[in-house]
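Report on one structure; see the data block that follows.
Nothing in this text is a laboratory measurement; each read-out follows from the coordinates by a stated rule. Since the structure is predicted, the reported quantities are computational estimates derived from the model, not experimental observations. Here Cβ is always computed from backbone atoms with ideal geometry, including for glycine, and neighbour counts include all displayed protein chains.
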């Protein structure tokens, strides 16, 4: 592994995560990644690219919420891009953040951010899939 790739030890609900840096804050999975939720299992294919968690570049919001989730964020990105249903993607994200170990005080603002402001991103990915 070079300096621009890494492996993250998996939580029990997540498979091993293997990524390589692509460019401009984008990362690519080098191995399929799986999330085993309470009522959903998600398989994110090798080659999928992510920026982990898209947070508006408003300085206070960015500083407050960027970088707290990796595994749940990849799961959420994939569910948005695969058009699994916005409500399903957002609720899965909330539970996955809990499984990743994020405390309630961190996961609730992030969750409400995607519920309230994730619609345009979800719709944009839907247009690309057409």
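Based on the mean of other beta carbon atoms within 10 Å per residue, what is the order of 110-118, 95-103, most packed first?
Highest-to-lowest ranking by the protection proxy: 95-103, 110-118.
Contour minus end-to-end for residue 121 and residue 105, with contour as 0.36 nm per residue of separation and end-to-end as the Cα-Cα distance?
Residue separation times 0.36 nm, minus the Cα-Cα distance, leaves 3.3 nm.
So for the pair residue 98, residue 16, with labels modelled 7 Å out along Cα→Cβ, what separation do we get in nm?
2.9 nm
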